[in-house]
Amino acid sequence: MAACSIEDVLAKAEKDEAEKLKSITVHKELDLEFDLGNLFAFDKNPPDTREFRQKNKEDFLCSLARDNTQLLINEIWKLPTERVDEVIVAKLPEPTTRLPREKPAPKPRPPTKWEEFAKLKGIQKKKKTNLVWDDVHKEWRRRWGYKRANDDTKEWLIEVPESVDPNEDQFAKRIKAKKERVAKNELNRLRNIARAQKIKVPGVGLAPTPTDQPSKSELGKAVQVAKVSTASVGKFQDRLPKEKAPKNTGKKRKFQPLIGDFSTEKQKQLDILKVMDSKKPRLDITKAVNKQMREEDMESGSKRKKGSGKKRRKGNFSGKKGKGFGSTAKSGKNRKPRMKQGKR
Amino acid sequence: MRPLTDDETKTMFEKLSKYIGENIKLLVDRPDGTYCFRLHNDRVYYISEKILKLATNISREKLVSVGTCFGKFTKTQKFRLHITALDYLAPYAKFKVWVKPGAEQSFLYGNHVLKSGLGRITENTAQYQGVVVYSMADVPLGFGVAAKSTQECRRVDPMSIVVFHQADIGEYIRSEDTLT
């Protein structure tokens with residue numbers, strides 16, 4: 001009984017020990033698939049659904065994960081190992097499973113302006129051969145680049161066309177043209193980049209503004225630039241009826257000299273006066289009406305004073321300028337003389 | 001100092017012509033010598049050629065006045081006549097107003113001319129016509145703008161304004177420090 005009990009106790013203790021340190025051998029219906037390069041195991045066994053429902057779900061998942069991890073680690077131990085600085089290291093094989101990429105695939109480069117245009121017009125790229133025949137050297141040479149065929153930069157003589165200035169340096173002209181083409185190409189490249197990034201491309205007219213609503217001055221500037229952006233530099237551009245001339249157009253004020261030609265200055269002023277004179281209307285309506293009213297007044301006045309001719313002696317209505325000033329402020333002729341008499 | 005530009009000349013002539021009409025020609029084209037208009041510190045000076053040449057010896061900052069100041073250009077490029085121009089406006093004036101001796105002082109203090117102070121007025125004066133104001137003894141006192149036409153002047157009541165004051169010779173004392 002005692003011996004039996006001792007064996008039992010030992011067996012129980014052993015069992016407890018085994019329970020605590022779970023065995024490294026795990027039994028599975030189907031073998032797992034391993035990809036040790038990625039430290040990856042794939043369990044194809046169907047999970048025990050009954051047990052999953054009965055047992056605590058967390059515990060079930062934990063034990064399943066432990067078992068599978070144990071199998072993965074067993075597999076790693078099968079690999080050749082070595083000891084590096086007191087640490088045992090296994091050399092993993094190449095991964096076999098292809099994993100999806102972490103980041104989304106890059107978008108295709110947006111087409112350049114030319115590519116868009118070419119697509120619109122149906123222009124297709126034609127492949128040209130790399131080598132072309134060079135007649136001068138009698139050999140096949142590259143079409144472009146170093147030692148190219150038919151190299152026009154290496155010409156020692158350029159025929160001057162009939163239409164151009166004979167003193168012009170044709171070599172310099174060619175170099176300049178090349179440089180300009182390069183610069184233009186670079187500009188277009190940058191523009192394409194800017195377009196692709198949706199940055200406003202700086203150009204003439206409105207400068208790129210940080211705000212959506214440009215200010216009044218900015219708009220004014222844009223209008224001015226647009227107006228002079230014609231073939232005749234805005235010379236024949238129409239103006240709105242009350243539009244003011246643009247200010248600060250970069251034109252410097254120019255004045256006549258202080259002591260210049262006095263006779264031309266005088267002539268200029270007389271011309272201005274002539275123009276001003278000619279612009280005056282021939283018939284000043286208010287003036288005409290006033291004149292008419294005055295005449296009527298005079299007529300009625302003379303009728304009234306037919307009898308009293310004595311008082312008319314001052315009545316001299318000849319002109320507006322005369323020193324006589326027959327004209328008086330008040331309608332009654334008789335008032336003025338009386339006033340004068342009072343004064344003197 | 002510099003000559004006037006065409007625009008400035010035109011603005012000034014338009015203002016002058018309100019007072020002396022086409023008689024500006026007599027100012028520009030004088031038989032007794034060459035006279036010209038020059039701009040200095042926004043003011044227009046009427047100078048004889050001789051004086052102008054002498055004035056060139058004086059630096060711009062130091063030059064206060066030369067010749068006769070006709071007026072000045074405002075910052076909006078309008079032209080304002082100054083009382084100093086009266087000497088040239090009075091002999092050529094086309095429309096004149098005489099004020100009674102009692103009203104002289106009021107005018108010289110910078111007030112408008114009322115109907116009660118009106119001695120005589122040139123016949124045919126239109127409303128808002130530039131006029132030169134004289135005393136009854138034919139001494140030019142200043143200039144202004146007719147508030148009423150001659151016809152209307154006859155009918156209005158004595159306290160209504162007939163000439164708006166613009167400049168008078170009292171300014172020689174009142175604004176002595178700014179007149180040049």
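The values are calculated or read from the model by the stated rules, or taken from the named source; none is laboratory data. These numbers come from a predicted model, not from an experiment. Note that we place each Cβ from the backbone using ideal geometry, even for glycine, and neighbour counts take in every protein chain shown. To get the accessible areas, we keep the full protein, side chains included, count just its heavy atoms, and leave off ligands, DNA and RNA. Shrake-Rupley method; radii C 1.70, N 1.55, O 1.52, S 1.80 Å.
Consider region B:63-122. How many of its residues are more than 18 Å from B:K18 (Cα to Cα), hydroxyl-bearing (S, T, Y) and in contact (Cβ under 8 Å) with a residue 40 or more places away in the chain? Residues in region B:63-122 being more than 18 Å from B:K18 (Cα to Cα), hydroxyl-bearing (S, T, Y) and in contact (Cβ under 8 Å) with a residue 40 or more places away in the chain: 3 in total.
Assess whether B:A167 counts as being modelled with pLDDT of 90 or more and surrounded by fewer than 19 Cβ atoms within 10 Å (Cβ to Cβ). The answer is no for B:A167. For region A:267-282, the criterion of being farther than 30 Å from B:Y46 by Cα and surrounded by 11 or more Cβ atoms within 10 Å (Cβ to Cβ) is met by no residue. The set of residues in region B:50-79 that are surrounded by 14 or more Cβ atoms within 10 Å (Cβ to Cβ) and closer than 20 Å to B:F164 by Cα comprises B:F70, B:G71, B:K72, B:F79. Is it the case, given these coordinates, that B:K18 is facing another protein chain (nearest Cβ under 7 Å) and open to solvent by 40 Å² or more (accessible area, probe 1.4 Å)? Judged against the criteria, B:K18 is not a match.
The number of residues in region B:102-121 that are within 12 Å of chain A (Cβ to nearest Cβ), farther than 11 Å from B:C153 by Cα and either in a strand (DSSP E or B) or among the polar types (S, T, N, Q) (or both) comes to 2. Candidates are the residues of region B:130-154 that are surrounded by fewer than 16 Cβ atoms within 10 Å (Cβ to Cβ) and more than 10 Å from every other protein chain (Cβ to nearest Cβ); the one that is farthest from B:I20 (Cα to Cα) is B:A137.
Grab the helices (runs of 4 or more DSSP H) fully contained in region A:253-344, keeping just those with 3 or more residues being at pLDDT below 50. Fully inside region A:253-344 and qualifying: A:335-343. Take the conditions (1) away from chain B (no Cβ under 14 Å); (2) surrounded by 10 or more Cβ atoms within 10 Å (Cβ to Cβ); (3) out of contact with any helix residue (DSSP H, G or I) (no Cβ under 8 Å at 6 or more places or on another chain); A:Q213 misses just one of them, which is (2). Given the criteria over 18 Å from B:G71 (Cβ atoms) and at pLDDT 90 or above, does B:V131 qualify? No; evaluated as a whole, the condition is false for this residue. Taking residues in region A:77-88 that are at negative phi, and partners anywhere that are of a type in the set (K, R), the pairs with Cβ atoms closer than 9 Å and at least 6 places apart or on different chains are A:L79/A:K91; A:P80/A:K91; A:T81/A:K91; A:E82/A:K91.
Taking the criterion of being outside any strand (DSSP E or B) and at the interface with chain A (Cβ under 10 Å from one of its Cβ atoms), would at least one residue in region B:155-178 satisfy it? Yes, region B:155-178 contains at least one residue that is outside any strand (DSSP E or B) and at the interface with chain A (Cβ under 10 Å from one of its Cβ atoms).
In region A:223-238, the qualifying residues are those that are surrounded by 10 or more Cβ atoms within 10 Å (Cβ to Cβ) and assigned to a loop (DSSP other than H, G, I, E, B), and the one that is farthest from the chain's Cα centre (by Cα) is A:Q237.
Part of a helix (DSSP H, G or I) and free of Cβ contacts under 8 Å to residues at least 12 places away in the same chain: is that true of A:R181 in this structure? Yes; evaluated as a whole, the condition is true for this residue. If the condition is being within 7 Å of chain A (Cβ to nearest Cβ) and open to solvent by 40 Å² or more (accessible area, probe 1.4 Å), then region B:21-49 contributes B:E22, B:K25, B:D29, B:T34, B:E49.
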